[in-house]
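Each reported figure results from applying straightforward, stated rules to the coordinates on display, with no laboratory input. Please read all numbers here as calculations on a predicted model, not as lab measurements. Virtual Cβ from ideal backbone geometry, glycine too; neighbours counted across all protein chains shown.
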Amino acid sequence: MVAATHTTSEGWSSRWAFVLAAVGAAVGLGNVWRFPTLAGENGGGAFVLFYIGCVVLIGLPLVLSEILIGRAGRSDAVGSVRNVAAESGRSGGWATLGWVEVVAAFLILSFYSVVAGWVIYYAGVMGRDFFGTLFAGAPFAGALQGETTETIQQRMGDLFTNIPLLLAMHTVFMGITFAVVARGVHDGIEKAATYLMPAFFVLLIAITIYGAFLGNFAEAVAFLFTPDFSKLTAPAMNTALGQALFSMSLGSAALMTYGAYVSRETKLAPTAGMIAFADTGVAIIAGLMIFPIVFAVGLDPAAGPTLVFQSLPAAFQQMPAGSLVGFLFFVLIFFAALTSSISLLEAPTSWGINERGWSRPKSAFIFSFSAFVIGIACLLSLSVWSDIRLLGFWSIFAETNIFDTIDGFTGKVMLPVAALLTAIFVGWRADRKLVESETGLEGGLFGLWRFLVCWLAPIAVALILVFGLFPGLLGN
Ligand code: PFF
């Protein structure tokens, strides 16, 4: 038994504020950049189906588990797990779970801000282009007129080697994230979500409709929904699970931290359902927004991480009103990224407040600044530090630079490990009465949820983790 740690006094002003903030945390670069990229690289349909299976059977039960730990523990992720363990008569060592999650959030924030910096840059380029055409009296022109496809594609390579520019964008994004988190749950995080999320949804629907009418929607649907199971290798499954966890912000303290600010009256199960549903819906809609445009101009869906930054601007050049839509597209990604990075920073910030007694601005500054510094290593690894291998001894990271290693290690190792520990903790160790009353589920539904958390989630996560990390075990 251990003593309870500090509990938070902050809270959301309503259930909707929580839903918007949590959906904001979930919907981010993961949905609009990573999901289409991975679906494209891993063959489309089978990956998407497997991904949806992960969401429903593993992700959804874990979303509820994480929020309930937060609300029952009422502290930062480390403190909340420790409090629930104490109340359940279990070892304080379970706080390790909270640690893994907070460290994962902190590491993700470092490279997340770098990618969000690219988004700001592209929003700037497309914005300048759009306003240029607007003032020239041609608001419905294609984007980047007069540039060749090569120069458009070259822009990304140029950006990657332009260290001052990358640094400037990274600084701007981290600075905005800091400014929001430093203002607090109510005045900062909640306000940002209530403005940005509705705007995000309006833009998403508008651009999807644009793509449906002017792009190659049929080919996109076929690509995303026709499964070819031969493409579903063990590493692809590991990637899909890691992506499902990443996308729903699982295993990275965000939901536990936000859960601590939820009032006693809020019913957690339907709220968890809403978060998982909205997140997956947005990922799929983002696929349906991006691929019709990609196919319309005959681009390669498996282009990888450059799909959104290199391929799409080239597509916007050829499409009607491309400069306007291109600009709005990057603004949309920026909004999504910001509400997510806010949650990534809030996780360690709340630890500093509750466990170290720091003021909110001080805590937010310490963590945003340190993540910013690690982010610099990530952005240098795109060019001058590209040969540095952080985990070169490990075969799956033998060829990856600092950026990809931190991305891969958090996504493929830390998040699944945290998800596994969460399932074991909530399913087997936490007091059953406490858990049952927190979920608000009854009878068969509670039984089903418990089965998923106790059995299916841990076994599936463990298998995918082992075979994904050591593909040699399967002989491929
Ligand atoms: N879910 C976010 C996305 O899909 O972009 C990323 C993320 C946010 C991961 C918050 C983890 C987290 F705690």
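Computed values, structure above
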{"read-out": "Hull-based mean projected area of segment 1-64, where the convex hull spans the alpha carbons, in square nanometres", "value": "7.2"}
{"read-out": "Computed over segment 127-178, Cα set: Rg, Dmax in Å", "value": "14.6, 39"}
{"read-out": "The chain: relative contact order in percent, alpha carbon pairs under 8 Å with at least 6 residues between", "value": "33"}
{"read-out": "Leu463-Phe131 FRET efficiency (beta carbon distance; Förster radius 41 Å; 0.05 resolution)", "value": "0.20"}
{"read-out": "Ellipticity estimate at 222 nm from DSSP helix runs (n ≥ 4, -39,500 (n - 2.57)) divided over the chain, nearest 500", "value": "-22000 deg cm²/dmol"}
{"read-out": "Label zone at Ser91, where the point sits 7 Å out along the Cα-to-Cβ direction: segment 406-420 residues whose backbone N lies under 19 Å", "value": "417-420"}
{"read-out": "Cα gyration tensor category, rounded, prolate or oblate, for segment 387-476 with a/c compared to 1.5", "value": "prolate"}
{"read-out": "Glu436-Phe277 FRET efficiency (beta carbon distance; Förster radius 25 Å; 0.05 resolution)", "value": "0.60"}
{"read-out": "Over segment 320-476, relative contact order from alpha-carbon pairs under 8 Å, at least 6 apart, %", "value": "13"}
{"read-out": "Cα-based shape type of segment 109-241, given that a ≥ b ≥ c are square roots of the gyration tensor eigenvalues and the cut on a/c is 1.5", "value": "rounded"}
{"read-out": "Cα point-scatterer Debye curve for segment 87-152, base-10 log of I(q)/I(0) at q = 0.13, 0.22, 0.25 Å⁻¹", "value": "-0.60, -0.94, -1.04"}
{"read-out": "Cα shape, segment 268-389, gyration tensor, a/c 1.5 rule", "value": "oblate"}
{"read-out": "Fraction of alpha-carbon pairs over 22 Å apart in segment 1-139 - percent", "value": "60"}
{"read-out": "Karplus 3J(HN,Hα) series, Hz, for segment 355-365 with 6.51 cos²θ - 1.76 cosθ + 1.60 (x for Gly, Pro)", "value": "9, 10, x, 6, 6, 4, x, 5, 4, 4, 5"}
{"read-out": "Charge dipole (debye, nearest 20) of the chain; +1 at Cβ of Lys and Arg, -1 at Cβ of Asp and Glu", "value": "960"}
{"read-out": "Segment 202-304, Rg to Rh (Cα coordinates; Rh as Kirkwood inverse mean 1/r)", "value": "1.07"}
{"read-out": "At R0 = 41 Å, FRET efficiency that the Cβ-Cβ distance of Ala199 and Val384 yields, to 0.05", "value": "0.65"}
{"read-out": "Scattering profile of segment 305-354 at q = 0.17 Å⁻¹ [log10 I(q)/I(0), Debye over alpha-carbon scatterers]", "value": "-0.61"}
{"read-out": "Burial ordering of Tyr210, Tyr122, fewest other beta-carbon atoms within 10 Å first", "value": "Tyr210, Tyr122"}
{"read-out": "From phi via Karplus (6.51, -1.76, 1.60), per-residue ³J(HN,Hα) for segment 112-127 in Hz, x at Gly/Pro", "value": "4, 5, 5, 5, 4, x, 4, 4, 4, 4, 5, 4, x, 4, 5, x"}
{"read-out": "Inter-label distance for Leu456 and Phe229, nm, one decimal - labels placed 7 Å from Cα along Cα-to-Cβ", "value": "1.8"}
{"read-out": "Karplus (6.51, -1.76, 1.60) ³J(HN,Hα), θ = phi - 60°, over segment 287-299, in Hz, Gly and Pro reported as x", "value": "x, 6, 7, 7, 5, x, 6, 4, 6, 4, 10, x, 8"}
{"read-out": "Ellipsoid semi-axes in whole angstrom, largest first, where each is sqrt(5λ) of the Cα gyration tensor of the chain", "value": "36, 24, 22"}
{"read-out": "Dimensions (Å) - segment 23-101, Cα atoms, principal axes, largest first", "value": "47, 22, 19"}
